[in-house]
Amino acid sequence: MAVYPFHTIEKKWQAFWAEKKTFRTPDEPVADKPKYYILDMFPYPSGAGLHVGHPEGYTATDILARYKRMKGFSVLHPMGWDAFGLPAEQYALETGTHPRVTTERNIARFRQQLQSLGFSYDWEREVATTDPDYYKWTQWIFLKLYERGLAYQAEVAVNWCPALGTVLANEEVIDGKSERGGHPVIRRPMRQWMLRITAYAERLLADLDSLDWTESIKEMQRNWIGKSTGAEVQFQVSGFKFQVTVFTTRPDTLFGATYMVLSPEHALVDQIATLEQRAAVKAYQEAAARKSDLERTELQKMKTGCFTGAYALNPVNGHKIPIWIADYVLASYGTGAIMAVPAHDERDYAFAKMFNLPIVEVISGGDITKEAFTGDGVNVNSANAEISINGLPTPEAKAKITAWLEGKGIGQAKVNYKLRDWLFSRQRYWGEPFPVIFVDGESQPVSVDSLPLTLPEVETYTLSGTGESPLATIPSWIHTTDPKTGAPATRETNTMPQWAGSCWYYLRFIDPKNQQRLVDPAKEKYWMPVDLYVGGAEHAVLHLLYARFWHKVLYDAGVVSTKEPFQRLVNQGMILGEMEYTAFYDEAGQPVSAEFAGEEHHDIRTNAKLKAERVEDDFVEKKGDCFVLKENNAIRVNARAFKMSKSRGNVINPDDVVRDYGADTLRLYEMFMGPLEQVKPWSMKGVEGVHRFLNRVWRLFMDDRADALLPEIADAEPTKDQLRWLHKTIKEVTGDVEDLRFNTAISTMMEFSNECQRWTQRPKPVMETFVLLLAPFAPHFAEELWLRLGHADTLAYTPWPQFKPEYLVQDTLEVPVQVNGKLRGKVTVPNGAAQEAVVAAAQADSGIAPHLAGKTIRKQIYIPGRMLNLVVG
RNA sequence: GCCGGAGUGGCGGAAUGGCAGACGCACUGGACUCAAAAUCCAGCGCCCUUCAAAGGCGUGUGGGUUCAACUCCCACCUCCGGCACCA
């Protein structure tokens, strides 16, 4: 089936590029050239090798990188490895193989696979986060954080996963289970390193506005940071000298606060609990501590709590209100305590109903006998001897009461963020060691000169079992001395999380071999920021937020010159497996229509177990909105494409595609599937389609029997029509590439080739220009044709074709004619014809005239050259 | 529940408010062939009628704005992604 020899061609050009260092970006910036830094999210080199999802983003960036080079830009397009991480360590545990060995093997495989796809990376800039020359600077950045008071230790309740033997970040816990492996996670206090990302919350939020990212990603980050504006209010505890401070976004509802709730972990609980209540309080606290996050979520609907026996005084009306503890109040947000306004907060409402607490309306506009009214409204029941906010709309009531509280010294305006400090240590071996030692239990940084602090060799990767890292089992690692005093010291046994290395790799690519500095300032100034960053949406929040945080710290430390690292961000959509049709059968083997099949494959009517079976598309047809079995079209089947997974057996291996169709076909197909950012199903038939396209293009040039250029490729003068086609193609492909609309760029080139096929003379200049347009998409293929057309050198730096509008001008135009908004025909008129002439032509047209017969033209709308609409009546 | 995105042929998808369905796949017919594959040519939203021409209906649903709506506005439905007791 193969016509053009893609195997030979692809190998040959990959070798050529490597040998000639075609894509080497000079170490020193080229001052007079505009720069373009185009970056892929570097992969974790897993043992499974490359997956068809990887080349999607990589092809997109490669096309743009090649295009920009032809446009005269100095392009930085590097690749590296996010190589620390759990799987290699897990594998070490099982087999005793050093994670470094596994990692190196996996990297070699990934590199070879990426190279087989013809990506134009500058491989001399390759970095791996596991390389001591690299993590030296990760540790250096940690010391910067430490110096600035942004790294600290805390005894925190962490997500402890017994199965993985490690602590996980909140973000790595999904529904109370570990994101990796789905093991249960419980809460347990432990000494941990924390990074004070919260100190940067406001800047991380505000600077989003300056970024050219999709609104949805920015919104996700905004939600994650979760800024809310309100007030802190102090409540005097009745019979004690101290107050409890709460945070509220609705200080205007203060008159409606009928009780208070502290989180079970709140520091004052033990002091205020009365004797009678003490045992109950203690029991509740213990129960809450035992609850995993999963249990907390499951019980979300059911509010629980316990009265402390203590009372507080509502500062605006002096009412004595009970103080409760309940786990619906989180210790880690705000002050860990709330004033409860059941009339105007759904959670407080549910709690008040549950425990029979008073509900007092202070905002009119709802019906509090039925449900909480949480919207804005007008205050009622909200006055004391000194102040009244009655009759005020919500925003004004908030301002007035906050000012009053401030004046009395019992409250002030306050901003809070959902964002928490970043839990930055893992109890693992395969990560960056912390460059700190402990002398008399006090942490102190190691000197910068002593970096990198390298990982020691270990006998066993078995976890310590105490929750500490395997490093804790190596006495030679733990015991050291303070270089300043010679006093005995111990080392940190935790390591950094995988996020650390990926927080700053884009900087190292700029100056990957620099031994003196993280990055040379002049080079940094030239290349930063990253102009385009492409990767999966799964990193929408965490990686991007962490990297932005480190970048801002480095900005404050004078290491980088930009406030933000990634100017433009695009997320490629996931590639799903092929579309699958699934039919359901009961125990007796009788087909059951898909609408009766519930989740877990049970009949939702009888709860009987069903068997799901895949059906070939030939046995399925469409009926209305659904697909049904052809043999019995009362039986619906499910039609869906699923995420690729080993267990489902629908994984496509890029190596196989490269073997059967070539890298250029794979690249072209991945781009042709649909818009880059969209989720889309794989189709092997689609791969064949683009492969056919390449074969057709090959035959536009080559006589494949003679292995020579066709005689049709001539040094002839192009016709007007040929130039029009060419320049239309240049215009559209250029615009599409600029906007990353690769799918439509490819269809435009397909249209050109379809047209071209009809030409008996294919003027060489026209055909050469077309090869250049195709080059970023199918680089090996284009290089080979370029060579066959008589060019000695690579086309990688040949100027991108220029579109000339004058070639698009046509002598005659076909203008669609509508009558009352309905298309009735088309008329052909000279280009630039006056409206009257077009109308006259329409009236004369045999197809259109009947629709005008006997009617008066009341209105004419003519969009020159595009449309004529005649309104008649 | 809240936030974001998307609903267009059998399928993937295309259309600065101006010819809906480009391009590709699948399918149908034809050419080439002893035959098949490959390739080339033609057709291909639905409905009615038909030798044909012509016509009607069509972009999730219902309204609206406009000479003209896949595109703009309002309401709703479905699917996907994220967040989820954050006071």
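Values for this structure:
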| quantity | calculated |
| --- | --- |
| Mean-position separation - Cα centroids, the range A:206-271 and the range A:314-371, in angstrom | 14 |
| Cα centroid separation - the range A:644-662 against the range A:103-166, whole Å | 28 |
| Under 18 Å from the Cα of A:Lys408 - aspartates and glutamates, other chains or at least 8 residues apart | A:Glu232, A:Asp252, A:Glu386 |
| Hull volume in cubic angstrom per residue (convex hull over the Cα atoms of the range A:700-752) | 100 |
| Net +/- balance of residues flanking A:Val380 in space, Cβ distance below 13 Å, scoring K and R +1, D and E -1 | -2 |
| Accessible surface, the range A:575-643, averaged per residue in Å² (probe 1.4 Å) | 66 |
| Length added when fully stretched, A:Arg191-A:Glu688, from 0.36 nm per residue minus Cα-Cα | 173.3 nm |
| Cα-based shape type of the range A:227-417, given that a ≥ b ≥ c are square roots of the gyration tensor eigenvalues and the cut on a/c is 1.5 | prolate |
| Eligible lysines near A:Lys68 by straight Cα distance, threshold 19 Å, same-chain separation 8 or greater | A:Lys21, A:Lys33, A:Lys35, A:Lys731 |
| Links that overshoot a 19 Å alpha carbon limit, given the list A:Lys136/A:Lys484; A:Lys822/A:Lys855; A:Lys144/A:Lys523 | A:Lys136/A:Lys484; A:Lys144/A:Lys523 |
| Accessible area expressed per residue, the range A:510-559, with surrounding protein chains retained (probe 1.4 Å, Å²) | 33 |
| Portion, in percent, of the accessible area of chain A that falls on carbon or sulfur, probe 1.4 Å | 51 |
| Entries in A:Lys71/A:Lys804; A:Lys303/A:Lys418; A:Lys720/A:Lys764 that, when Cα-Cα distance is taken, lie over 19 Å | A:Lys303/A:Lys418 |
| Computed P(r) (all Cα pairs; the range A:451-565; 5 Å bins; percent) | 2, 9, 15, 16, 13, 12, 15, 10, 6, 1, 0 |
| Residue-count net charge about A:Met671 - beta-carbon cut-off 14 Å; Lys, Arg +1, Asp, Glu -1 | -3 |
| Selection from A:Phe770, A:Leu195, A:His851, by position along the positive dipole direction of chain A (Cβ) | A:His851 |
| C-alpha long axis of helix A:779-788 to longest principal axis of chain A, angle in ° | 20 |
| For A:Met673, solvent-accessible area (1.4 Å; no DNA, RNA or ligand), Å² | 40 |
| Kirkwood hydrodynamic radius of the range A:575-643, Cα pairs, Å | 12.2 |
| Degrees, to the nearest 10: A:663-672 long Cα axis against longest axis of chain A | 70 |
| Neighbourhood charge, 15 Å Cβ-Cβ cut-off, centred on A:Leu451 and excluding it, Lys, Arg +1 and Asp, Glu -1 | -1 |
| Accessible area expressed per residue, the range A:810-872, with surrounding protein chains retained (probe 1.4 Å, Å²) | 60 |
| Angle between chain A longest axis and helix A:542-556 axis [Cα atoms, degrees, rounded to 10] | 80 |
| Two-site label geometry, A:Glu616 and A:Tyr152: point separation in nm, points 7 Å out along Cα→Cβ | 6.7 |
| Cα extents of the range A:346-486 along the three principal axes, largest first (Å) | 72, 36, 23 |
| Qualifying lysines (Cα of each under 24 Å from Cα of A:Lys622; at least 8 residues distant if same chain) | A:Lys611, A:Lys630, A:Lys643, A:Lys680, A:Lys685 |
| Net lengthening on full extension, A:Val448/A:Arg568 (0.36 nm per residue, minus Cα-Cα) | 39.8 nm |
| Under Karplus coefficients 6.51, -1.76 and 1.60, residue-wise ³J(HN,Hα) of the range A:85-94 in Hz, glycine/proline x | x, 4, x, 5, 6, 4, 5, 5, 4, 7 |
| Cα-derived Rg to Rh of chain A, Kirkwood definition | 1.04 |
| Added length on full extension, which subtracts the Cα-Cα distance from 0.36 nm per residue, A:Thr374 to A:Thr466 | 28.4 nm |
| Chain A: calculated mean residue ellipticity at 222 nm from DSSP helix runs of at least 4, using -39500 (n - 2.57) | -9500 deg cm²/dmol |
| Paired Rg and Dmax values of the range A:1-155, which use every Cα atom, in angstrom | 19.0, 67 |
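The values are calculated or read from the model by the stated rules, or taken from the named source; none is laboratory data. Not measured: the values here are computed from a predicted model. Cβ: placed from backbone, ideal geometry, glycine included. Neighbour counts: every protein chain shown. Ligands, DNA and RNA are excluded from the accessible area calculation, which covers all protein heavy atoms including side chains. Shrake-Rupley method; radii C 1.70, N 1.55, O 1.52, S 1.80 Å.
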